[in-house]
Amino acid sequence: MNAEERQHQIVTLARRQGEVDVAKLAAELTVSAETIRRDLRLLEKHGLLRRTHGGAYPVETAKFETDLAMRTTRGVPEKRRIAAAAVGLIGDAETIFIDEGFTPQLIAEALPTDRPLTIVTASLNTAAWLATSTPATVLLLGGRVRGRTLATVDHWASGMLAGFVIDLAFVGANGISREVGLTTPDPAVADVKAQAVRAARRRIFAGVHTKFGVRTFCRFAEISDFESLVTDTGLPASEAHRYSRLGPQVIRV
C-alpha cells in the first residue's frame with residue numbers, strides 16, 4: 001500500500017467510524033505511528049480530516065456529512081451541557097424554532113414543560129419526541145426528508161417558515177468561523193436555516209467547540225446575526241473573545 005492508498009484508507013475509516021486513532025491505524029496499516037501522524041497532517045492540510053490528541057475525525061464537506069446516528073455517539077456530555085445552557089437563555093419566548101441535529105434534539109428535551117410553548121422544527125425525531133412527551137404545540141415543517149438527518153428541506157419547509165414570526169431560534173451548523181460565518185454542506189439545508197434566521201427575532205447558536213474554525217460549502221448566516229453562541233470549554237477563552245467581538249456573547253460550559 002503506497003502513501004496515497006493509505007491516506008485514502010484513513011479517510012474512509014474516519015468517515016465510517018466517526019474518528020480514527022493513531023495507534024490503531026499504525027497497527028492496522030502496518031506502519032509507524034509517525035507515518036500515520038504525517039498522513040494526518042497532510043489530510044488536515046487538504047481539509048479532509050481534523051486532528052485531535054491521538055487521532056483525527058472527518059471534516060464535513062459538500063461530498064460528505066456525518067449522519068445523525070454518528071452524532072449521537074460523540075461528545076454527548078458536552079452536548080447535554082450546551083443544551084441545558086442554551087435552554088437557560090429562552091427568557092419569555094413562546095414560539096421557538098429548533099433546528100435539525102442531535103444537539104438541537106437535546107435542547108428540545110431540556111425545554112420547560114410548565115408553560116405553553118409552540119415549537120417549529122424540521123426534525124422528525126425532535127417533533128415526535130416533543131409531541132409524545134411534552135404539552136407543547138408542535139409544528140413540523142413539510143418537505144423532502146433527508147435520510148442522513150431525518151429532517152425536512154426544500155421549498156416546502158422554507159415556505160412554511162417564511163409565514164412565521166418566531167420569538168427564538170436555536171440554530172446549529174456544521175461549521176462556524178469568524179471569516180465566513182455559519183455554514184453547512186447541503187444547499188437545501190442552508191436555505192431552511194437561513195429562513196429560520198430571518199423569521200426569528202432572537203437567534204442562539206448551540207454547538208460543540210469542534211464546529212469552530214470550520215468552513216463547509218454553504219453559508220447561511222453571519223455571526224453578528226446571533227445574540228449568543230453556546231459551546232463547551234474546548235473552545236479556548238482567547239478564541240471565544242475573538243468571536244464575541246463580532247457581536248454575540250459566547251458562553252462556554
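The values are calculated or read from the model by the stated rules, or taken from the named source; none is laboratory data. Keep in mind the model is a prediction, meaning the values are calculated, not measured. Neighbour counts run over all protein chains shown; Cβ positions are idealised from the backbone, glycine included.
A few notes on this one:
- Every residue from region 124-167 that is part of a loop (DSSP other than H, G, I, E, B) and under 23 Å from the mean Cα position of the chain (by Cα): 141, 142, 143, 147, 148, 149, 150, 154
- Odd one out for residue 103, checked against (1) among the polar types (S, T, N, Q); (2) within 28 Å of residue 166 (Cβ to Cβ); (3) without any contact (Cβ under 8 Å) to a residue 40 or more places away in the chain: (3)
- Whenever a residue of region 39-56 is touching a residue at least 60 places away in the same chain (Cβ under 8 Å) and closer than 23 Å to residue 217 by Cβ, its partners that are among the polar types (S, T, N, Q) and surrounded by 13 or more Cβ atoms within 10 Å (Cβ to Cβ), lying with C-beta atoms within less than 9 angstrom and at least six residues away or across chains, give the pairs 50/210.
- In region 14-26, the residues that are under 14 Å from residue 52 (Cβ atoms) reach residues that are at pLDDT below 85 with C-beta atoms within less than 9 angstrom, at least six apart or across chains, in these pairs: 17/70; 18/66; 18/70; 18/71; 18/73; 18/74; 19/74.
- Only one of 201, 219 that is in contact with a Gly (Cβ under 8 Å, 6 or more places away or on another chain), surrounded by fewer than 19 Cβ atoms within 10 Å (Cβ to Cβ) and in a strand (DSSP E or B): 219
- No other residue among 173, 157, 190, 199 is out of contact with any His (no Cβ under 7 Å at 6 or more places or on another chain), at pLDDT 95 or above and closer than 23 Å to residue 84 by Cβ apart from 173.
- Evaluation of residue 224 against the conditions (1) small (Gly, Ala, Ser); (2) closer than 25 Å to residue 253 by Cα; (3) surrounded by 21 or more Cβ atoms within 10 Å (Cβ to Cβ) shows that the sole unmet condition is (3).
- Test: residue in region 149-163 that is under 27 Å from residue 44 (Cα atoms) and surrounded by 20 or more Cβ atoms within 10 Å (Cβ to Cβ): yes
- Cβ pairs under 8 Å, 6+ apart, first in region 233-244 and closer than 21 Å to residue 79 by Cα, second assigned to a helix (DSSP H, G or I) and modelled with pLDDT of 95 or more: 234/78; 243/223
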